[in-house]
Amino acid sequence: MKLNDHSTIAAISTPAGRGAIAMIRISGDKSLAIGNKVFYPKNKNKPLSKAGGFTAHFGEFHDSGEIIDEVICTVFRGPHSYTGEDMIEITCHGSLYIQQRILEVLINRGCRLAEPGEFTLRAFLSGRIDLSQAEAVADLIASTSLAAHRIALQQMRGGFSGKIELLRQQMVDFASLIELELDFSEEDVEFADRSQFLILVKELKNEISSLIDSFRLGNVLKHGIPVAIVGKPNVGKSTLLNALLNEERAIVSEIPGTTRDSIEDVITLQGVAFRFIDTAGLRHATDQIEKIGIGRTQEKMEQAAIILYVFDLCEITASELTQTIASLREQFGEEAKRIILIGNKTDQLVEIPHDFNSLVEYETIFISAKRKENINLIIDSLLRAVQGYEFSGDTLVSNARHLEALQAALAHMNAIEEGMYSHLPTDLISVDIRLALHHIGTITGQVTSDELLGNVFGKFCIGK
Ligand code: GDP
């Protein structure tokens, strides 16, 4: 992570590969001077070095007399740019060769290749955005659903930072009251009213706790609503998953799962992302049934917000189904877990047995996964089940790093509260308040370390 490096950096910001056009970005003091050496504007009276901010210029990009491409240079003058520095965005034709040549020329002329996330790091270091806003930029780029997009956008525009800053300010005020008392500790006075302090601590704890609680929803909205497809071997779970994945309306993406080696399938249906938990295992383990042991299934069901319980209509008996429903009931009680029963292989039956129809304690959908019949009913049901998982615009924690910081801060707030009850000396209490403040400060980046910045920006792509 290059923290005190002011060299002028360059990178290709469009995806690797050939598109209609591509964009190469330069940022730093020397951007315009370097641009001037390689860009020959059509309007010869308007060299880049004299160009104002927010202007676009058409011309030729040259490498020592050789024309590489006809390009458009958009000029940004610091501090009114993404990074806060002088910047140029060179838009060229999308050939990989042209992109590489332009980048090479820029490097030969004094630019350094940008590291991942370095443009955004500079935006953070110049104070244009805080750390949680920088993270939101990455989330926005990665967003694949309406809710994930809204959360990222709100966070990028400072909604989340505002809330954290307010919380931090209240904690700073509290800390200064405590410190004030410390200053006078020689005189052995406790002039700040302890019961007032306690009320304040409780309020702060409540605020932190409600942010922590919001992670459950924030995480689901950001990464997709977790759905588990469970049932006995050979009932048709993987066939069903494939049918869902093949739905025309579905946008399918694979994201690395929470467990090692697992890939989770995310399907976006009408703007809502559903994450099928550990479905890679599901698809690949059909011939090694032991792999989906009871333990694994149990774990999947616990993580899920929605459970699709699949059974084979030709195999199951009404009493077995009753038992299954009872055991699902017992496990999840009246918890907000949606259970949808899926009776599969209708193609093998003349009609649905009547005794199943009497078991409609849970929503039951009859399908043929193999023939892709009634898959749309499952989709409708999934979409109905997500009501309550909507983004209302309230501040939500959706980032695991923020969650950890809040949890750490809460632990120190608890210690402060206990300390007050047990009349701990003020100087000991003030240690915890400083630590709580430290953790809150890491969210927006008031408190940073090289390691923290490395972790945050290292996950960005080059050119952002
Ligand atoms: P899993 O072990 O639950 O994942 O089950 P699979 O999806 O691997 O399916 C087991 C067997 O049932 C395979 O031979 C499938 O072709 C078959 N199968 C799945 N769905 C249907 C269906 O709707 N009708 C019929 N007749 N066979 C099905």
Per the filter on the stretch 315-333, residues exposed (fewer than 14 other Cβ atoms within 10 Å of the Cβ) and under 17 Å from Gln298 (Cα atoms) are Gln323, Ala326, Ser327, Arg329, Glu330, Gly333
Expected output for the stretch 231-247 (first residue within 8 Å of Ala369 (Cβ to Cβ), partner near the ligand (Cβ under 6 Å from one of its atoms) and outside any loop (DSSP other than H, G, I, E, B), Cβ below 7 Å, 6+ apart or cross-chain) is Gly236/Asn344; Leu240/Asn344
Checking the structure you have, find out if any residue of the stretch 390-398 is under 18 Å from His223 (Cα atoms), of a type in the set (A, V, I, L, M) and either within 16 Å of the ligand (Cβ to nearest atom) or modelled with pLDDT of 90 or more (or both).
yes
The residue that is nearest to Ile151 (Cα to Cα), considering only those in the stretch 198-243 that are within 12 Å of the ligand (Cβ to nearest atom) and part of a helix (DSSP H, G or I), is Leu241
Reported set for the stretch 405-460 where residues are within 23 Å of the chain's Cα centre (by Cα), surrounded by fewer than 14 Cβ atoms within 10 Å (Cβ to Cβ) and part of a loop (DSSP other than H, G, I, E, B) is Ser449, Lys459
The number of residues in the stretch 56-81 that are aliphatic (A, V, I, L, M) and surrounded by fewer than 14 Cβ atoms within 10 Å (Cβ to Cβ) is 2
* Somewhere in the stretch 23-41, is a residue within 17 Å of His93 (Cα to Cα), crowded, with 18+ Cβ neighbours inside 10 Å and small (Gly, Ala, Ser)? -> no
For the stretch 167-198, the count of residues that are loosely packed, with under 12 Cβ neighbours inside 10 Å, among the aliphatic types (A, V, I, L, M) and modelled with pLDDT of 90 or more equals 0
Based on this model, can you work out whether Gly59 counts as without any contact (Cβ under 8 Å) to a residue 12 or more places away in the chain and small (Gly, Ala, Ser)?
no
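The values are calculated or read from the model by the stated rules, or taken from the named source; none is laboratory data. No experiment lies behind these values; they were computed from the predicted model shown. When we count neighbours, we look across all protein chains shown, and the Cβ atoms used for this are built from the backbone with ideal geometry, even at glycine.
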